[in-house]
Amino acid sequence: MIINKGFTQKRTSNGRLPPGQYETKDFPVLSLGPTPRVTKESWALEVKGLATPMKWNWKEFTSFPIENIKTDIHCVTRWSKFDTMWKGVSIDHIMKKAKVSNRATHLIAHSYDGYTTNIPIADIMGGKAWVAIEYEGKDIEADHGGPARLFIPHLYFWKSAKWLKALEFVQGDHPGFWETRGYHNYGDPWKEQRYTFD
Ligand SMILES: Nc1nc2c(c(=O)[nH]1)N[C@H]1C(S)=C(S)[C@@H](COP(=O)(O)O)O[C@H]1N2
Ligand SMILES: [Mo]
């Protein structure tokens, strides 16, 4: 067996960084408008569409099983951040609670600032997506989507809707805010799906 050490090392250090990305230790804020004022007291999460309609307040929602997630995140503006730590409720759990119909093919996430984004159901099931309620052991800062944001780390970060208000399960694909304004419909960082025709 031949082990080429240089090659192995290069692969290891690059293996984490998707093409066209650089690593940052900062946590930039990217929002389309001002940060909406959403408190834990005023926050609620609704489930609608092809599911049993549900609405949970903060206390109800945070009584669901909370998972720890440690993973890298990738923003379309080319920064990646390694080993970020989050706590959240899995979308699997939410889908089970709301008895989401198997006719649903996509999720539309709705936010308190009017933002929307679309994700295929396959990308939110099987421990791939959460409603995050903590970042690095603390409440999520308002600018980063607190009290609760969607968290789908295997896709570019614009799919992780901040100030999450509702999860709508639908049949068929309905592009969201950025997806109708030039961003890629799916957004896989490893395939560099940044813009519509990538
Ligand atoms: N509700 C809402 N969610 C949003 C956005 C937004 O403007 N509103 N911006 C998106 C974009 S374009 C990115 S890159 C990430 C940025 O998250 P951050 O500000 O925590 O870094 O949030 C996404 N989620
Ligand atoms: Mo973004």
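The values are calculated or read from the model by the stated rules, or taken from the named source; none is laboratory data. All values derive from a computational prediction rather than experimental measurement. All Cβ positions, even for glycine, are placed from backbone atoms using ideal geometry, and neighbour counts span all protein chains on display. Side chains are part of the model used for accessible areas, which takes the heavy atoms of the whole protein and leaves out ligands, DNA and RNA. Shrake-Rupley method; radii C 1.70, N 1.55, O 1.52, S 1.80 Å.
Between the residues F61, I140, Y115, the greatest Cα displacement towards the positive end of the dipole of the range 47-191, with unit charges on the Cβ of Lys, Arg, Asp and Glu, is found for F61. Dividing the alpha-carbon radius of gyration of the chain by the rule-of-thumb value 2.2 N^0.38 Å gives 1.06. Working from Cα pairs under 8 Å separated by at least six residues, relative contact order for the chain is 23 percent. Charges were assigned to the Cβ only: +1 to each Lys and Arg, -1 to each Asp and Glu. The resulting dipole of the range 39-119 about its Cα centre is roughly 180 debye.
If only the Cβ of Lys and Arg carry +1 and only the Cβ of Asp and Glu carry -1, the dipole of the range 47-191 around its Cα centre is close to 320 debye.
With all protein chains in place and ligands, DNA and RNA left out, the 1.4 Å accessible area ranks R37, R194 as R37, R194, largest first. Packing here is the average count of other Cβ atoms within 10 Å per residue, and on that basis the peptides 17-27, 76-86, 153-163, 124-134, highest first, run 153-163, 124-134, 76-86, 17-27.
Computed in the context of the full set of protein chains, the accessible area of the range 47-191 at 1.4 Å probe radius has 52% of its extent on carbon or sulfur.
If r is the Cβ-Cβ distance from R181 to R78 and R0 is 25 Å, what FRET efficiency results, to the nearest 0.05?
Using R0 = 25 Å, I get an efficiency of 0.85.
Look at where the Cα atoms of the range 73-92 and of the range 151-198 average out, and the two centres are 14 Å apart.
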